[in-house]
1. Structure shown: which of 33/71; 19/146; 24/71; 19/82; 19/71; 67/91 lie over 30 Å apart, alpha-carbon to alpha-carbon?
2. Say each of residue 33 and residue 139 gets a label point 7 Å from the Cα, pointing the same way as Cα to Cβ; how far apart are those two points in nm?
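Bear in mind that the values in this text are calculations on the coordinates, not laboratory data. Predicted, not measured: the structure shown is a model, and the values here were computed from it. Neighbour counts run over all protein chains shown; Cβ positions are idealised from the backbone, glycine included.
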Amino acid sequence: MSQSFSSNRGTSSNNSTLKRFWKKIWSILVPHKIQHFVWRACRDALPTKNNLLRRKVIQEKLCESCKEAPKTVGHVLWSCLKAKEVWECSKLVISWNERVNQSFQDLMWNLLLNEDVGDDQVAQAVTIAWALWHNRNELRYGGEGKSGQHLTRWVADYLIEFRVAVAQNTPGVPVPRQVASWSPNKKAVGVGVVIRNDKGRLEVALCKKIAAPMGATEVEAKAKNACSSQLNF
Ligand SMILES: [Zn+2]
């Protein structure tokens with residue numbers, strides 16, 4: 001039977017499972033700021049309306065989007081109508097549908113420990129949660145509410161660019177529009193290929209690490225080869 005975060009909290013026999021849970025949070029293949037966001041969300045440390053009310057910063061706790069439920073972390077990131085729209089667009093195969101009233105900790109617990117979910121899907125799920133949270137904040141300060149389709153497409157592009165950056169040994173740094181990057185001081189080089197359409201939307205992103213040191217011209221040729229085979233030129 002699957003266990004939950006709440007049922008494991010505070011029981012010494014399950015300390016190792018809890019440690020495994022937190023370790024997994026910090027190992028998700030996303031930028032550190034998103035890992036930190038997930039950690040805060042799991043500890044219920046995000047400044048949701050519910051938490052601000054508890055600290056007497058505000059007087060009203062209902063979600064301003066649906067006006068139906070207290071704005072808790074779980075509500076903002078999962079059960080609010082706006083969040084549901086985004087999750088549906090993501091097409092992630094995660095059995096969260098029956099878990100409407102679960103806390104965010106329990107959702108993450110299931111995702112990381114109880115379900116057969118791949119690393120890429122976990123990265124996608126937490127980045128969607130992060131994007132949802134930030135879009136909510138933008139809305140509160142008069143910004144634009146993004147559609148589910150817009151947010152999920154943005155998340156997909158963001159993660160591709162992050163992976164290309166990681167492959168180039170420069171984690172978290174956006175990949176510039178270039179054919180290849182080359183570092184003469186390393187025994188391996190990371191090759192990143194990013195192709196965008198005329199509107200700037202990412203069409204293809206590839207990344208590859210090449211073990212032997214080689215010159216810039218050879219690296220560029222390798223990158224073009226990788227690109228051609230991907231596009232069947
Ligand atoms: Zn709501």
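1. Working: 33/71 22 Å; 19/146 36 Å; 24/71 27 Å; 19/82 32 Å; 19/71 28 Å; 67/91 26 Å.
Long pairs (Cα-Cα over 30 Å): 19/146; 19/82.
2. Placing both labels 7 Å beyond Cα along the Cβ direction yields 2.1 nm.
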